[in-house]
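Asker: Attaching a single structure in structure tokens format; questions to follow.
The values are calculated or read from the model by the stated rules, or taken from the named source; none is laboratory data. The structure displayed is predicted, hence computed values, not measured ones. All Cβ positions, glycine included, derive from the backbone under ideal geometry; neighbour counts span all protein chains shown.
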Protein chains: 2
Amino acid sequence: MHRTYVKVLEDVLDANGTIAAANRADFDRADVTAVNLMSAPGAGKTTLLERSLRWLEGVRVGVLEGDVASTLDADRIAHLHVPVVQIDTDPGFGGECHLDANMVRSALPSLPLDELDLLVIENVGNLVCPAEFRVGEHHRVMVSSVAEGEDKPLKYPLMFRACELVLVNKIDLLPHLDFDLDRYLQNLDAVHPGVERLLVSAKTGEGVEAWREWLVRAATREAVPA
Amino acid sequence: MHRTYVKVLEDVLDANGTIAAANRADFDRADVTAVNLMSAPGAGKTTLLERSLRWLEGVRVGVLEGDVASTLDADRIAHLHVPVVQIDTDPGFGGECHLDANMVRSALPSLPLDELDLLVIENVGNLVCPAEFRVGEHHRVMVSSVAEGEDKPLKYPLMFRACELVLVNKIDLLPHLDFDLDRYLQNLDAVHPGVERLLVSAKTGEGVEAWREWLVRAATREAVPA
């Protein structure tokens, strides 16, 4: 059973890479920077986007929302008056646990790419498979909630290694958690030494300005490693 | 691409069902109740087990730990002086995002089934795929942390429907969160009407006694729906 499964998944990953390259070419042709935003369920991706995408100086933003079910997140983003397209992963296989390049490709015709500078792709909440499937993005960013515990980098190393920026979210909860921030950052550096990190609270807004500045730099292709 | 993928996954699910039935037969032969414990990453499964498995009156417990990487959880459970076996899902495919029946089957020879009454199978942290793969368990229980937000039942309905008991964890954080417990419970009932739920805090111990009693009833096969 497993051998066939692994073989097909390898083929799927090869095919995925080809489609991801096509997506990337489309983004580059339209001069759009694409950011793949990943996290565990409930880490605060959507709330962070609500906080950060409004009035991003000089940057025209679009959002692609991946979800297993419901349009709750897309509805929240629509309130920001930015173009948003929902990808429902359910028709695939009882709910795919990640976005792949083909799902993103199928959504591109619904987005006015030529009128955008930045496309944020909010992935399905999952710390495993999204890290394995490139979708054509320029940057991979993850949101890691302190409520999830300080051991998460060690338990899901591929995800923490795949990202160039880690948004350490819900820091407003630190006084109420058994969470050793220093140990968490040591764990982070153990799996991805020196990876850029920003401490943020989507709830209070603390640290969000630095993340907004990161997005503006990414959209204008300044000084953010590709 | 997708058609082949779905077909193979259907075959995998069929094969998985066959192996799950074999596991279930082994559990029944040894008179062991198996509980599949699922949640998002960082919802508190391991901490809850640390709180609840010690001195479970008259019940001999074993634990099977599924993780993508690291033996952190297995090490924590080992401190309880109960038999624990680690399943590392990494060799499969860059880290499987769930346990399947075959992985559990491969671990059974390492467990003294005949000396156990209860086997808790701690799944990989993920709200999608674990719900799709039976492993031969008698009961499926999930841990849902209030830190993840009140919309989670609507966003991951398959998981919330698959379970017969939802442990609503981290209720000690309620005063510090924008979390409407009534709305969460309405969302839960919308996807799984009337499902049994226990409000718990693995940190303070609140509600944990009721979960311990549930486990004892399950282990002695009393009054818990199969």
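Asker: Which is over 20 Å from residue A:76 (Cβ atoms) and at the interface with chain A (Cβ under 9 Å from one of its Cβ atoms), of B:172, B:178? Spell out how you get there, then give the answer.
Answerer: Numbers: B:178 fails: over 20 Å from residue A:76 (Cβ atoms).
None of the other options fit; the residue is B:172.
Asker: How many of the residues in region A:174-226 are among the basic types (Lys, Arg), farther than 27 Å from residue B:174 by Cα and in contact (Cβ under 8 Å) with a residue 60 or more places away in the chain?
Answerer: Looking only at that region, the number is 2.
Asker: Another question, then. Any residue that is part of a loop (DSSP other than H, G, I, E, B) and farther than 20 Å from residue B:141 by Cα - is there at least one of those in region B:97-107? Outline the logic, then answer.
Answerer: So in region B:97-107, the residues part of a loop (DSSP other than H, G, I, E, B) come out as B:97-100.
Going one step further and asking which of them are farther than 20 Å from residue B:141 by Cα, we end up with none.
No; the residues of region B:97-107 include none that is part of a loop (DSSP other than H, G, I, E, B) and farther than 20 Å from residue B:141 by Cα.
Asker: Scan region B:191-201 for residues that are in contact with a helix residue (DSSP H, G or I) (Cβ under 7 Å, 6 or more places away or on another chain) and either more than 11 Å from chain A (Cβ to nearest Cβ) or surrounded by fewer than 17 Cβ atoms within 10 Å (Cβ to Cβ) (or both) and jot them down.
Answerer: Here is the first cut: in region B:191-201, the residues in contact with a helix residue (DSSP H, G or I) (Cβ under 7 Å, 6 or more places away or on another chain) are B:191-192, B:195, B:197-201.
Hits for region B:191-201 are B:192, B:195, B:197, B:198, B:199, B:200, B:201.
Asker: Run down B:77, B:87 and say which single residue is among the β-branched types (Val, Ile, Thr), assigned to a helix (DSSP H, G or I) and crowded, with 20+ Cβ neighbours inside 10 Å.
Answerer: Details: B:87 fails: assigned to a helix (DSSP H, G or I).
The unique qualifying residue is B:77.
Asker: Let me ask another. Just give me the residues in region B:154-166 being more than 10 Å from chain A (Cβ to nearest Cβ) and either assigned to a helix (DSSP H, G or I) or without any contact (Cβ under 8 Å) to a residue 60 or more places away in the chain (or both), in sequence order. Write out each step before concluding.
Answerer: If we filter region B:154-166 for residues that are more than 10 Å from chain A (Cβ to nearest Cβ), which is where we start, we get B:160-166.
Passing the criteria: B:160, B:161, B:162, B:165, B:166.
Asker: Identify all residues within region A:192-214 that are over 19 Å from the mean Cα position of the chain (by Cα) and either of a type in the set (Ser, Thr, Tyr) or part of a helix (DSSP H, G or I) (or both); write none if there are none.
Answerer: The answer is A:204, and nothing else.
Asker: List the pairs whose first member sits in region A:68-81 and is at positive phi, whose second member is of a type in the set (A, V, I, L, M) and modelled with pLDDT of 90 or more, and whose Cβ atoms are under 7 Å apart, counting only residues at least 6 apart or on separate chains?
Answerer: A:70/B:154
Asker: While we're looking at this one, here's another question. Taking the condition within 14 Å of chain A (Cβ to nearest Cβ) and either at pLDDT below 95 or farther than 22 Å from residue B:84 by Cα (or both), does residue B:187 pass?
Answerer: Numbers: within 14 Å of chain A (Cβ to nearest Cβ): yes; either at pLDDT below 95 or farther than 22 Å from residue B:84 by Cα (or both): yes.
When the stated conditions are applied, residue B:187 passes them.
Asker: Can you pull out the residues in region B:24-74 that are in a strand (DSSP E or B), out of contact with any Pro (no Cβ under 8 Å at 6 or more places or on another chain) and closer than 25 Å to residue A:148 by Cα?
Answerer: B:35, B:37, B:39, B:64, B:65, B:66, B:67
Asker: Can you report the number of residues in region A:202-226 which are more than 14 Å from residue A:52 (Cβ to Cβ) and surrounded by 14 or more Cβ atoms within 10 Å (Cβ to Cβ)? Steps first, please.
Answerer: Step one: list which residues in region A:202-226 are more than 14 Å from residue A:52 (Cβ to Cβ), which gives A:220-226.
Remaining after also requiring surrounded by 14 or more Cβ atoms within 10 Å (Cβ to Cβ): A:220, A:224.
Residues meeting the conditions: 2.
Asker: Further question: Working only within region A:146-157, note down all residues that are of a type in the set (A, V, I, L, M) and either surrounded by 21 or more Cβ atoms within 10 Å (Cβ to Cβ) or under 15 Å from residue A:99 (Cα atoms) (or both). Before you say what the answer is, go through the steps one by one.
Answerer: Going through region A:146-157, the residues of a type in the set (A, V, I, L, M) turn out to be A:146-147, A:154.
Scanning region A:146-157 gives A:146, A:147.
Asker: One residue is enough: does region B:47-65 have a residue meeting the conditions surrounded by 15 or more Cβ atoms within 10 Å (Cβ to Cβ), at pLDDT 90 or above, at the interface with another protein chain (Cβ under 9 Å from one of its Cβ atoms) and under 19 Å from residue B:214 (Cβ atoms)?
Answerer: yes
Asker: Which of the following residues is in a loop (DSSP other than H, G, I, E, B) and out of contact with any helix residue (DSSP H, G or I) (no Cβ under 7 Å at 6 or more places or on another chain): B:221, B:183?
Answerer: Numbers: B:183 fails: in a loop (DSSP other than H, G, I, E, B).
So the residue among B:221, B:183 that is in a loop (DSSP other than H, G, I, E, B) and out of contact with any helix residue (DSSP H, G or I) (no Cβ under 7 Å at 6 or more places or on another chain) is B:221.
Asker: Looking at region B:123-137, is at least one residue over 28 Å from residue B:14 (Cα atoms) and either assigned to a helix (DSSP H, G or I) or among the hydrophobic types (A, V, I, L, M, F, W, C) (or both)? Show your work before the answer.
Answerer: Initially, region B:123-137 is screened for residues over 28 Å from residue B:14 (Cα atoms), giving none.
No, region B:123-137 contains no residue that is over 28 Å from residue B:14 (Cα atoms) and either assigned to a helix (DSSP H, G or I) or among the hydrophobic types (A, V, I, L, M, F, W, C) (or both).
Asker: For region B:101-132, which positions are buried (at least 24 other Cβ atoms within 10 Å of the Cβ) and more than 19 Å from residue B:17 (Cβ to Cβ)?
Answerer: B:119, B:120, B:122, B:124, B:125, B:126, B:127
Asker: Hey, another quick one. For region B:133-145, state whether one or more residues are away from every other protein chain (no Cβ under 13 Å), surrounded by fewer than 21 Cβ atoms within 10 Å (Cβ to Cβ) and small (Gly, Ala, Ser).
Answerer: no
Asker: Let me ask you something else. Against the conditions (1) on the phi < 0 side of the Ramachandran plot; (2) buried (at least 19 other Cβ atoms within 10 Å of the Cβ); (3) more than 8 Å from chain B (Cβ to nearest Cβ), where does residue A:97 fall short? Just the number, please.
Answerer: (3)
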